[in-house]
1. Are there any trypsin sites (Lys or Arg not before Pro) in segment 135-228 that are in a DSSP loop and have at most 10 other Cβ atoms within 10 Å? List them by number.
2. Segment 74-130: which trypsin sites (Lys or Arg not before Pro) are DSSP loop and have at most 13 other beta-carbon atoms within 10 angstrom?
3. Evaluate the distance, in nm, between pseudo-label points positioned 7 Å from the Cα of Met186 and of Ser83 along their respective Cα→Cβ axes.
4. Long-range amide H contacts for Glu174: which residues qualify at under 5 Å (H placed 1.01 Å from N, peptide plane, sequence gap of 5 or more or a different chain)?
5. Report the net charge of residues surrounding Val175, where surrounding means a beta-carbon distance below 10 angstrom and charges are Lys +1, Arg +1, Asp -1, Glu -1.
6. My understanding is that a pair violates if its Cα-Cα distance is over 24 Å; which of Lys139/Lys215; Lys112/Lys215; Lys209/Lys245; Lys82/Lys293 do that in this structure?
7. Identify the GluC sites (Glu not before Pro) of segment 179-274 meeting these criteria: DSSP loop state and at most 13 other C-beta atoms within 10 Å of the C-beta.
8. Compute the signed sum of charges (Lys and Arg +1, Asp and Glu -1) over the other residues within less than 14 Å, Cβ to Cβ, of Asp202.
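Rule-based calculations on the coordinates, nothing more; no lab input. As the structure is a computational prediction, the values presented were derived from the model and not from experiment. Here Cβ is always computed from backbone atoms with ideal geometry, including for glycine, and neighbour counts include all displayed protein chains.
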Amino acid sequence: MKKLIIVAGIIMLASCATVKQTTLPAKESSARAVRGHTVLPPESRSDKTGRDAKIMAGLDSSSLAAAEDQDHLILATLWFQKSAEMRALYYQCFRTAEIALAENLEWTGRTKPAAVVLDIDETLLDNSPFQGWQVLEKKSFNNDDWFRWVELARAKPLPGSVEFTRYADSLGVEVFYVSNRTVQEMGPTIKNMAALGFPNADSTHMLLKESTSSKVERRALIEKDYEILLLVGDNLADHSGIYEKRDPDHDFAAVDSDRRLFGTKYIVLPNPMYGNWLNDLLRSAPGGTEQEKLMKMLEGF
Ligand SMILES: [Mg+2]
């Protein structure tokens, strides 16, 4: 399914004669890989009233990024915001997570208390309004705009996410959040998640990024005192360090090797908008612009 979305997005790109270069500086590309994105509704283009207008106004005032078409994000972001299939998939994944967690809890060989580890962006919180804003305003990702979005603390919960974390909490499983939001973003992130009803929305249970995007060390810190029964995220690096740097085969062989972990210990949520999968394509493909790189990776018949 993810492949179909990518292919459809690239077809849309090919039909757009006005697409400009969208190559990001290395630092921004790296930050983008660990952040959320979103799209504001079309009415925000002309109607600057209401909640979305406030978001736009707050972001418009001090955006530093140069104008840069983000049209390659349109279809993926619309799918994330407007498809019932996306909603159903999130419910499906969190229902699978509940079943898997209950089963894993039955194992009696555990020597430490049980824990579940969840990513935040595009796992629990929907940042697609930020990505939509990028498309509408033709802004590539930059940390200043992202931080202003985070500071608003208005991200909505993804379908089934609050319910799952509360279910885990009700079973006595310690809920941890391991995210590559930075430690400077801790305050508004806690405010946002606490207001939505996520359990353990506090600095003890939220392990954010300090100096490295790798989550391996932070998971190891949790594993000193807990046994992690389940990992939930939209990027495979949320589940294992082996997926942090992709092999030339896009880690297909690694996924095949781990196949029995998916749905039992690893719960993977759909994110067609950004992630290591996209960074991998942009890094490995020849060409100048992002569009050129993506087109060269496309398989036809
Ligand atoms: Mg994420």
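1. Lys224
2. Passing sites in segment 74-130 are Arg110.
3. Distance between label points: 3.7 nm.
4. For Glu174, whose amide H was placed from the backbone, the distant partners under 5 Å are Ala114, Ala115, Val116.
5. -1
6. From the list (Lys139/Lys215; Lys112/Lys215; Lys209/Lys245; Lys82/Lys293), the Cα-Cα distance tops 24 Å for Lys139/Lys215; Lys82/Lys293.
7. Taking segment 179-274 and a limit of 13 other Cβ atoms within 10 Å, the loop GluC sites (Glu not before Pro) found are Glu210.
8. -1
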